[in-house]
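So the structure is just underneath, and the comments pick up after that.
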Amino acid sequence: MNNIEKEYLQVKEEYAKLGVDTDKALERLSKIKISLHCWQTDDVIGFLSGNSLSGGIQTTGNYPGKARNVKEVREDLEEALSLLPGNYKINLHAIYADTDEKIDLDQIEPRHFASWVDWAKKNHVGLDFNPTCFSHPKAVSGFTLSSNDDEIRNFWIEHCKRARKIGEYFGKELGEPCVTNIWVPDGYKDIPYDRLAPRVRLKESLDEILKEKIDPKYNIDAVESKVFGIGVEAYTTGSNEFYVGYATKNNIALTLDAGHYHPTEYISDKISSVSLYVPHILLHVSRPVRWDSDHVVLFDDELNEIARSLIRNNIIEKTSVGLDYFDASINRINAYVVGVRSTLKAFLRALLEPTEELKRIENDGNYTDRMFITERLKTMNFGKVFDYYCYKNGVPVGMDALEEIHRYEKDVLSKRR
Ligand code: RNT
Ligand code: ZN
């Protein structure tokens, strides 16, 4: 028995004293499939819409080694996956189509993504999808699905309709539903006179996009709100209330992006409420810092709270978990590895709680034991359980992962000039 196994057995005993079965927790952890956002590889540029990012989101930094083509995007995703325990999905945006044809976003078809399906099969990952309603000449006015220009609005409606068909295609090919998430950057920099009209148009656009019924066995529709973007500070058409209402009324998935709310608002406290009214939740795991909603996810308090809300009430059963951030100032493989490992650790820690026992204690009004046990849990050595999980899954444990990140940077990323 090596050290990792020995230490695991010790910690397992400690957890058993609290009534927690660490093996079972790891078994449950292995069923949570995180979706890796492909756009961290190349700072959300893609291959269809030109070379700059717009729509109120931004990457800063120019750390060397960003992916320049579809082959490099896949190479980097494979490298990231090789450093991560468990099973995954990959989250694509429409701009990551793999085609030589000169097509615009209102012309995308499943065949432009066929090589992604082959790649996904080979790498045993599922696929998720997003229409790309930004970084495009038809988005420069700041409005897409809520534009008052019919030509523009129809262009984006057509794009989103096609995105859903691609989602359905992914779902059929890969045997697990694709979550197709609609996020639009629409809004005003300065104070609007009419707050309703753009929302009426957004609602009508969505109604039109979702008119065709697609079996949720293949494609799950999701809609994502936001409080503000850069240059869209005064008014966002697709606000929280807009989409909570829309998703509830239309029985589709609601996306909760951890970076899309006021700084004192947390999605961890929204999850339980919305779970009562929407059939499915898509989580965009992200980290807001001041104006930015997209820093690399770290193992912080809010991430732990998010995991707890999902695990303690088993809301995870109706939740898809995707990462959403883009940092161009650090090694991009590291951004994946840290973001995913942090998320997994938060889930693991939540799974290592005597959940039923704590619920009972709380219902009995026994706040003494509730306080003692939840405080005790904070210093339990879940890190050793996580190390063991990595080891069992044949991926580098602890600092060994960083060593591999360095090797890949030296051998691969630094050669991309
Ligand atoms: C933007 C949204 C959206 C994007 C991705 C690239 O604020 O979070 O999800 O980050 O679609
Ligand atoms: Zn998001």
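With the condition being closer than 27 Å to residue 411 by Cβ and at pLDDT 95 or above, I'd like the strands (runs of 3 or more DSSP E) fully within the range 23-132 carrying at least 1 qualifying residues.
34-37, 88-93
Can you tell me which residue among 163, 197, 234 is within 16 Å of ligand 2 (Cβ to nearest atom) and of a type in the set (A, V, I, L, M, F, W, C)?
Values: 197 fails: within 16 Å of ligand 2 (Cβ to nearest atom); 234 fails: within 16 Å of ligand 2 (Cβ to nearest atom).
One residue alone meets the criteria, 163.
List pairs: first residue in the range 244-255 and closer than 18 Å to residue 215 by Cα, second residue part of a helix (DSSP H, G or I) and within 16 Å of ligand 1 (Cβ to nearest atom) anywhere in the structure, Cβ distance under 6 angstrom, at least six positions apart or on different chains.
Hits for this filter: 254/247.
Going residue by residue through the range 188-204, is there one that turns out to be hydrophobic (A, V, I, L, M, F, W, C), closer than 22 Å to residue 286 by Cβ and modelled with pLDDT of 95 or more?
Looking for residues that are hydrophobic (A, V, I, L, M, F, W, C), closer than 22 Å to residue 286 by Cβ and modelled with pLDDT of 95 or more, one finds none in the range 188-204, hence no.
Table: residues versus (1) among the charged types (D, E, K, R); (2) in contact with a Ser or Thr (Cβ under 7 Å, 6 or more places away or on another chain); (3) modelled with pLDDT of 95 or more.
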{"position": "228", "(1), (2), (3)": "no, yes, yes"}
{"position": "237", "(1), (2), (3)": "no, yes, yes"}
{"position": "243", "(1), (2), (3)": "no, yes, yes"}
{"position": "257", "(1), (2), (3)": "yes, yes, yes"}
{"position": "260", "(1), (2), (3)": "no, yes, yes"}
{"position": "279", "(1), (2), (3)": "no, no, yes"}
{"position": "282", "(1), (2), (3)": "no, yes, yes"}
{"position": "287", "(1), (2), (3)": "yes, no, yes"}
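Which of the following residues is within 15 Å of ligand 1 (Cβ to nearest atom) and open to solvent by less than 10 Å² (accessible area, probe 1.4 Å): 225, 239? Break it down stepwise before answering.
On the way: 239 fails: open to solvent by less than 10 Å² (accessible area, probe 1.4 Å).
Every option except 225 fails the conditions.
The conditions are (1) touching a helix residue (DSSP H, G or I) at 6+ places or on another chain (Cβ under 9 Å); (2) open to solvent by less than 40 Å² (accessible area, probe 1.4 Å); (3) farther than 22 Å from residue 119 by Cα, and residue 77 fails exactly one of them. Which is it?
(3)
Among the residues of the range 368-417, which ones are among the hydrophobic types (A, V, I, L, M, F, W, C), in a helix (DSSP H, G or I) and either within 24 Å of residue 350 (Cβ to Cβ) or open to solvent by 100 Å² or more (accessible area, probe 1.4 Å) (or both)?
371, 372, 373, 377, 382, 385, 386, 390, 399, 401
Look at the range 168-203 and say how many of its residues are surrounded by fewer than 24 Cβ atoms within 10 Å (Cβ to Cβ) and polar (S, T, N, Q).
Going through the range 168-203 one residue at a time, the tally reaches 0.
Just a yes or no: is a residue in the range 240-248 within 13 Å of ligand 2 (Cβ to nearest atom), on the phi < 0 side of the Ramachandran plot and either part of a loop (DSSP other than H, G, I, E, B) or among the small types (Gly, Ala, Ser) (or both)?
no
Restricting attention to the range 49-74, which residues are hydroxyl-bearing (Ser, Thr, Tyr) and either within 16 Å of ligand 1 (Cβ to nearest atom) or buried (at least 18 other Cβ atoms within 10 Å of the Cβ) (or both)?
49, 52, 54, 59, 60
The values are calculated or read from the model by the stated rules, or taken from the named source; none is laboratory data. Here the structure is a predicted model, which is why all the values come from computation and not from measurement. Backbone-built Cβ (ideal geometry, glycine too); neighbour counts: all protein chains shown. Please note that ligands, DNA and RNA were not included when accessible areas were found on the heavy atoms of the full protein model with its side chains. Shrake-Rupley method; radii C 1.70, N 1.55, O 1.52, S 1.80 Å.
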